[in-house]
Amino acid sequence: MKPLKIAGIGYCVPETVITNDDLTKLYETSDEWIFSRTGIKERRVVSGNETAIDLGYDAAKKALDKSGFKPEDIDCIISAASAPPQLYPTLSCTLQAKLGIPNQVPAFDLTAACTGLIYALQVARGFIGAGIYKTILIVAADNNSKITNWEDRGTSILFGDGAGAMVVTESDDGIDDILSINISADGSIGQMIQTNMPSQCCPLVEQADEVGTGKIIMNGKDVYKFAVSTVPAYVEECIQKSGMKSEEIDYLIPHQANQRIIESIQNRLKYTDDKVISNIKYYGNTSAASIPIALVEGVEQGKIKLGSTAVLCGFGAGMTWGAAVVRLRKGIC
Ligand code: COA
C-alpha cells in the first residue's frame, strides 16, 4: 500500500455558548448533576441560519491552509456527518462548490456517527493506499443541536456543534502516518441511539405505525455500558497492531462523549493526565468532529507537541467504533 501523510488539520466551533446553568431554563437540572456525570460545563451551538456547512467550510479552509494544498489539488472529498443539515446535496458536494474544489472530483458523505472521522480515515487510506486518489479532504461536521430533543434532559445535556477537517495525501517521504487503524460495527445493538427521519407512506396506502421525529433518542445507560466495556480493550488491540507499546505513544485523543468514558480508556492504558486530551468540559459531544477539535485545540494550548504519536478512538451510533494510531507531524495544525 502507498503510505499516507496527514498534511493538515483544522476545526471550527460556533460562537454561541450554552452553559449548564442556561439549561436550567429548559428543564429541572443543575450544573452539579451534569458536570459530575459527564464532565461537561458548556457546549457551543449554531444559531440563526448558521449550520454544520458553515462550520465544515471554515474547518476545511484551515486544514487546507495548513496542508499547503490548494482546493484544485484535492481529488476526493469525504464528509462524516451524523445528521447533516440536508441529506442531499451532501455536505461533501456542497463544500466542493463552496471551497472551489474542481467539479468532477468525487464527493460523498459517510454515516458512522461519532466514529465518522476514523471511518473516513480508513476509507481515505484505502483510496490513497491503492493509488486511486492522491489528496483527500475529510470533513467531520455536525449541528447536533438541531436534531436534539431539547425537552429530553437525558440527551440534550450532552451534545454540541462543531467541525473538524483533515487533508490526507500520498506520503512523499515513504513514511506512513497511520501506524494502525481498525473500524467496527454492531448493528444488533443499534437501537441504543436512533434518529428516525420524519417520513410518511404514499397517501393511497396504509400508514406506518410510527413516524420518525428526526430527533436523537438514546438509552444513555446502555451506551455508557457499551462504551466502557468495548472501547478500552479495542484501543489496546489497535496499539498492539501498530507494533508500539502503549507507553511509547505520546497522547490519547479520544472521542469526547463523557469524561468518565475517557477515564475508562485512560485507566486501561495507564496514562497520566498529561497524555490524555480532553476538552469535553467546553464543547460537549460534537460527534465525529470531537477528535480533530481536541487535537488542534490541544496543540494551540500547548498540551500536544507535534512531531509525536497519538492514539485516536471514536464510538457512537450504529453502534460503531474505531481506533487509529497516528503520527502527528510538525506543522499540521
Ligand atoms: N438533570 C437532572 N436529572 C436528570 C437529568 C438531568 N439532566 N437527566 C436525567 N436525570 C434523572 C433521570 O430522570 C433519573 O431520575 P429517576 O431515577 O428519578 O428516574 C436519574 O437522573 C438517573 O438517570 P439516568 O439516565 O439513569 O442517568 P445516568 O447516570 O445514566 O446518566 C447520562 C445519564 C446520559 C449522563 C449517562 O448515561 C451517559 O453519559 N451515557 C453515555 C451517553 C453517550 O455518551 N452518548 C453518546 C455516545 S457517542
Using the Cα centre of the chain as origin and beta-carbon charges of +1 (Lys, Arg) and -1 (Asp, Glu), tell me which of Ala113, Thr148, Gly126 is placed farthest towards the positive end of the dipole.
Gly126
Once the chain is represented by equal point scatterers at the alpha-carbon sites, with solvent omitted, what log10 I(q)/I(0) does the Debye formula produce at q = 0.12, 0.13 Å⁻¹?
-0.78, -0.92
Would you work out the Kirkwood radius for the range 4-170? I mean one over the mean of 1/r across all pairs of different Cα atoms, in Å.
16.5
What is the set of long-range amide H partners of Ser180 at a cut-off below 5 Å, with H atoms built 1.01 Å from backbone N?
Val325
Give me a comma-separated list of calculated 3J(HN,Hα) values for the range 135-142, in order, Karplus coefficients 6.51, -1.76, 1.60 applied at θ = phi - 60°, integers in Hz, x for any Gly or Pro.
9, 10, 9, 10, 10, 10, 9, 8
Roughly how many whole Å is it from the C-alpha centroid of the range 107-152 to that of the range 1-64?
16
To the nearest 20 debye, what charge dipole does the chain have about its Cα centre, counting +1 at the Cβ of each Lys and Arg and -1 at the Cβ of each Asp and Glu?
660
Given the -39500 (n - 2.57) contribution per DSSP H run of 4+ residues, what per-residue ellipticity at 222 nm results for the chain, rounded to the nearest 500 deg cm²/dmol?
-9000 deg cm²/dmol
Given Cα pairs under 8 Å that are at least 6 residues apart, what percent is the relative contact order of the range 1-53?
39
The relative contact order of the range 4-170, taking Cα pairs under 8 Å that sit 6 or more residues apart, comes to a percentage of 35
In whole Å, what are the extents of the range 144-200 along the principal axes defined by its C-alpha atoms, from largest to smallest?
52, 28, 27
Express in % the proportion of alpha carbon pairs of the range 67-125 at distances exceeding 15 Å.
49
Would you pull out the residues with amide H under 5 Å of Leu328's amide H, same chain only if 5 or more places away, H placed 1.01 Å from N?
Gly307, Ser308, Thr309, Ala310
What is the Cα radius of gyration of the range 179-328 over 2.2 N^0.38 Å, N being its residue count?
1.22
Around Thr90: net Lys/Arg minus Asp/Glu count, Cβ-Cβ under 15 Å:
-1
Note, the range 112-118: 3J(HN,Hα) by Karplus (6.51, -1.76, 1.60, θ = phi - 60°), whole Hz, Gly/Pro = x, goes 9, 6, 6, 8, x, 5, 5
Once you keep just the Cα pairs under 8 angstrom separated by 6 or more residues, what percentage relative contact order results for the chain?
26
Roughly how many whole Å is it from the C-alpha centroid of the range 307-330 to that of the range 82-99?
24
With x for Gly and Pro, the residue-by-residue ³J(HN,Hα) of the range 59-70, computed from phi through the Karplus equation 6.51 cos²θ - 1.76 cosθ + 1.60 at θ = phi - 60° and given in whole Hz, is 4, 5, 4, 5, 5, 4, 4, 5, 6, x, 8, 9
Which entries of Lys303/Lys330; Lys305/Lys330; Lys275/Lys303; Lys221/Lys241 show an alpha-carbon separation above 19 angstrom in the structure shown?
Lys221/Lys241
Here the alpha-carbon Rg of the range 132-245 over 2.2 N^0.38 Å rounds to 1.49
Mind sorting Val105, Val223, Val325 by how few other Cβ atoms lie within 10 Å of their own Cβ, fewest first?
Val105, Val223, Val325
Give me, ordered by chain and number, the residues 5 or more places off Gly160 or on other chains with an amide H under 5 Å from its own placed amide H.
Asn285, Thr286, Ser287
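Computed from the coordinates by the stated procedures, all read-outs in this text should not be read as laboratory data. The model shown is predicted, which means the values in this text are computed figures rather than measured ones. FYI the Cβ positions are ideal-geometry reconstructions off the backbone, even for glycines, and counts take in every protein chain you see.
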